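The structure appears below as structure tokens.
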Amino acid sequence: MNFDKSIVRLAIVFIGILLLSGFIPQWAMFMLTIACANGMAVLGLMLFLRAGLVSFGQALFFCTGAYAAGLLALKFDITEMTVLIIVSGIASGFMAYILGFLLAKYRGIFFGLLSLAFSMILYGLLVKTEALGSTDGFNVPAVTIFGWLPDLSVVRVAVLGMAFLIILLSVSFVNMLLKSPRGLLLTAIRDNEIRAEYMGASAQKTIHLFYVISGVLAGLGGAIAAVAVGHIDPTMSFWTTSGEMIFIAILGGTGSVIAPFIGALVFGIIHTIAFSYSPNTWQMVIGLSLIFVILLLPNGLWSLREKFGKRKS
Amino acid sequence: MSNVILHAEGLNKSFGAVTAAANINVEVQQGSVLGLIGTNGAGKTTFVNMITGYLKPDSGKVIFGGRDITRLAPREITKLGICRSFQIPQLYNSMTALENLEVSYGIVSLMENNGSLFTKTNAPIPSYGKTIRLLAEEALEKFGLTQYRDKTARVLPGGVRKLLDIAMAMSVRPKILLLDEPTSGVSAEEKFDIMDMVMKAVRQGNTTVMFVEHDMDIVSRHAERVLAFYSGEIIADEAPEIALRDPRVIKYIVGENHSPAHQGEH
């Protein structure tokens, strides 16, 4: 594991939030947990942005992870959150592995639209499947965490704590990966795929590998969301969910493995405030903030930190 | 000769009505230096592209180290030991010179670790016994690029880009290095320095070199053997002092004005 300074800081922030959780309102705790779940999916998306690829179908794996967790709890009575999380990761990773054989061959708009197509196929299947609640989805039973069934008053904190743990493990892993030769290759493929191939590297294999990792990350995010919300439905695979993830990725930037989580949190805040003030036109606020980010911070919120840090030094 | 490393057998390639390679037969000895000459469209780059797997010949075979590599993908051919540089340098433009080389040595490291996800940047590459960073720094020094270490590849001057491109190709320690016009686009003054530096760096490992070149002074200075291409055919395959005096070579490639007496003066 690579204990980067920023990851240590993130861990300290997490511990601080958990310690102060008694003072944080429930809605904010919920918003934080959903930001964690979205952030995980966007972390996966960020890997592709590094390779110059945009996936319009990240929701596919988010939804797969959520349904895997939900089904396991509902149909097999397995309610241990650690098990649900692991199975979700495996299920979405397996899905990505299979689809990756096709997707890793494509670049640019074809990659984006193919990924979108697969997520919409899943959406269509789920909507038509009565056994899975069709468009209504189904409720996810209460979960245990390491065998402990948290009381209603602390369940939000417990789930958030688990989400923090998953995030810390994931960002450490992704950070290590991005600094490894395989991670460097990802940027090299964006810059000049032909050259990388002529040096003996397989761009397709590299993209396939990161596609699986990205799928696993999104699946873990989906499982967190399923447990936190206690309900899942097919909109988790709808194209607007993928769109939100791209929005978060642009908002946060690709400068750090932490950026997706900052993006997800800011998105959550904008969404919550916009929705409470204008329930019918909140999308307009989201749209305006996207324009604001693209015009003023094309490298995302993370670039603010870099600018600020440089000025200080 | 017994130590043939590469054998092109009856290579043919056409693009519509244009014949880019017509029955090319060449044997390349290990450790030799070949200069490939010819006017634009004569078939030099087609020949290089067929050896490196970018183009598949319509007929004929490329045998490398006793193995038929004709239908292999470029990366497979690189893994076997043939690497190339490009006429227009192919760099990772958003990265620094150092990072360009780190990626290159990183690929070597990945290959030697069977592509493991847990290949570390700071662990020595088995066959080199050195880390990626150290090897990249050494390569910069060997090619005189240390001062450009932290410059983004996009802003590097032409000659530096050429050198970096070749330094990257050398990271895989190829048995055969193909240089496609290593001095094109470089000022006349720099040409000789660049080529001297390249040949010095490249020849340390007894690498077989095939280079495409338009400057006959550079060809006669570095090549031990010349392949002269015209209209998809090899019209001369001799030592430079003989090939560059060949009447057909003078007529079609070198030009009447380029006096053979000048050859080898540099």
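Quick look at the values:
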read-out: Number of the condition not met by residue A:150 [criteria: (1) buried (at least 17 other Cβ atoms within 10 Å of the Cβ); (2) assigned to a helix (DSSP H, G or I)]; value: (2)
read-out: Every residue from segment B:93-106 that is among the small types (Gly, Ala, Ser), facing another protein chain (nearest Cβ under 7 Å) and in a helix (DSSP H, G or I); value: B:104, B:106
read-out: Only listed residue being within 14 Å of chain A (Cβ to nearest Cβ), more than 21 Å from residue B:51 (Cα to Cα) and not hydrophobic (A, V, I, L, M, F, W, C), chosen from B:221, B:161; value: B:161
read-out: Residue in segment B:39-51 that is assigned to a loop (DSSP other than H, G, I, E, B), within 14 Å of chain A (Cβ to nearest Cβ) and either without any contact (Cβ under 8 Å) to a residue 60 or more places away in the chain or surrounded by 23 or more Cβ atoms within 10 Å (Cβ to Cβ) (or both) present; value: no
read-out: Set A:241, A:235, A:206, A:272: member being of a type outside the set (D, E, K, R), more than 30 Å from residue A:150 (Cα to Cα), modelled with pLDDT of 90 or more and in a helix (DSSP H, G or I); value: A:206
read-out: Single residue of A:123, A:106 found to be aromatic (Phe, Trp, Tyr) and outside any helix (DSSP H, G or I); value: A:106
read-out: Enumeration of residues in segment B:53-103 that are buried (at least 17 other Cβ atoms within 10 Å of the Cβ), in contact with a Leu (Cβ under 9 Å, 6 or more places away or on another chain) and more than 28 Å from residue B:131 (Cα to Cα); value: B:53, B:57, B:60, B:62, B:64, B:69, B:70, B:72
read-out: Per-region count, segment A:11-33, residues over 12 Å from residue A:164 (Cβ atoms) and of a type in the set (Gly, Ala, Ser); value: 2
read-out: Flag for residue B:134 being more than 30 Å from residue B:42 (Cα to Cα), aliphatic (A, V, I, L, M) and more than 11 Å from chain A (Cβ to nearest Cβ); value: yes
read-out: Candidate set: segment B:1-31, residues that are in a loop (DSSP other than H, G, I, E, B) and touching a strand residue (DSSP E or B) at 6+ places or on another chain (Cβ under 8 Å); chosen: the one surrounded by the fewest Cβ atoms within 10 Å (Cβ to Cβ); value: B:1
read-out: Some residue of segment B:158-170 being closer than 20 Å to residue B:216 by Cα and at pLDDT below 90; value: yes
read-out: Within segment A:157-185, considering residues that are closer than 16 Å to residue A:33 by Cα and more than 19 Å from the chain's Cα centre (by Cα), the one surrounded by the fewest Cβ atoms within 10 Å (Cβ to Cβ); value: A:157
read-out: Strands (runs of 3 or more DSSP E) wholly inside segment B:191-249 that include at least 3 residues being touching a helix residue (DSSP H, G or I) at 6+ places or on another chain (Cβ under 6 Å); value: B:225-230
read-out: Residue in segment A:155-174 that is under 19 Å from residue B:133 (Cβ atoms) and of a type outside the set (A, V, I, L, M) present; value: no
read-out: Identity of the residue in segment B:52-79, among the hydrophobic types (A, V, I, L, M, F, W, C) and outside any loop (DSSP other than H, G, I, E, B), that ends up nearest to the other protein chains (Cβ to nearest Cβ); value: B:77
read-out: Residues located in segment B:150-173, provided they are farther than 18 Å from residue B:198 by Cα, of a type outside the set (D, E, K, R) and assigned to a helix (DSSP H, G or I); value: B:153, B:155
read-out: Members of segment B:135-172 found to be surrounded by fewer than 22 Cβ atoms within 10 Å (Cβ to Cβ) and of a type in the set (Asp, Glu), listed by number; value: B:137, B:138, B:141, B:150
read-out: Failed criterion for residue A:249 (all others in (1) among the hydrophobic types (A, V, I, L, M, F, W, C); (2) in contact with a Pro (Cβ under 8 Å, 6 or more places away or on another chain); (3) within 14 Å of another protein chain (Cβ to nearest Cβ) hold); value: (3)
read-out: Single match in A:188, A:203, A:196, A:223 (criterion: touching a residue at least 12 places away in the same chain (Cβ under 8 Å), of a type in the set (A, V, I, L, M), farther than 25 Å from residue A:80 by Cβ and surrounded by 24 or more Cβ atoms within 10 Å (Cβ to Cβ)); value: A:188
read-out: Number of positions in segment B:107-128 that are more than 7 Å from chain A (Cβ to nearest Cβ), polar (S, T, N, Q) and outside any loop (DSSP other than H, G, I, E, B); value: 0
read-out: Which listed residue is within 14 Å of chain A (Cβ to nearest Cβ) and touching a residue at least 12 places away in the same chain (Cβ under 8 Å), from B:29, B:90; value: B:90
read-out: Lone qualifier among A:74, A:45, A:49 - being touching a residue at least 12 places away in the same chain (Cβ under 8 Å) and either more than 21 Å from the chain's Cα centre (by Cα) or farther than 27 Å from residue A:262 by Cα (or both); value: A:74
read-out: Criterion (touching a residue at least 40 places away in the same chain (Cβ under 8 Å) and surrounded by 18 or more Cβ atoms within 10 Å (Cβ to Cβ)) met by exactly one of B:132, B:125, B:107; value: B:107
read-out: Any hit, segment A:291-305, residues being of a type in the set (D, E, K, R) and farther than 30 Å from residue A:117 by Cβ; value: yes
read-out: Residue tally, condition hydrophobic (A, V, I, L, M, F, W, C) and surrounded by fewer than 15 Cβ atoms within 10 Å (Cβ to Cβ), over segment A:63-85; value: 1
read-out: Tally, over segment B:110-122, of residues that are of a type in the set (A, V, I, L, M, F, W, C) and touching a residue at least 12 places away in the same chain (Cβ under 8 Å); value: 1
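The values are calculated or read from the model by the stated rules, or taken from the named source; none is laboratory data. No experiment lies behind these values; they were computed from the predicted model shown. Backbone-built Cβ (ideal geometry, glycine too); neighbour counts: all protein chains shown.
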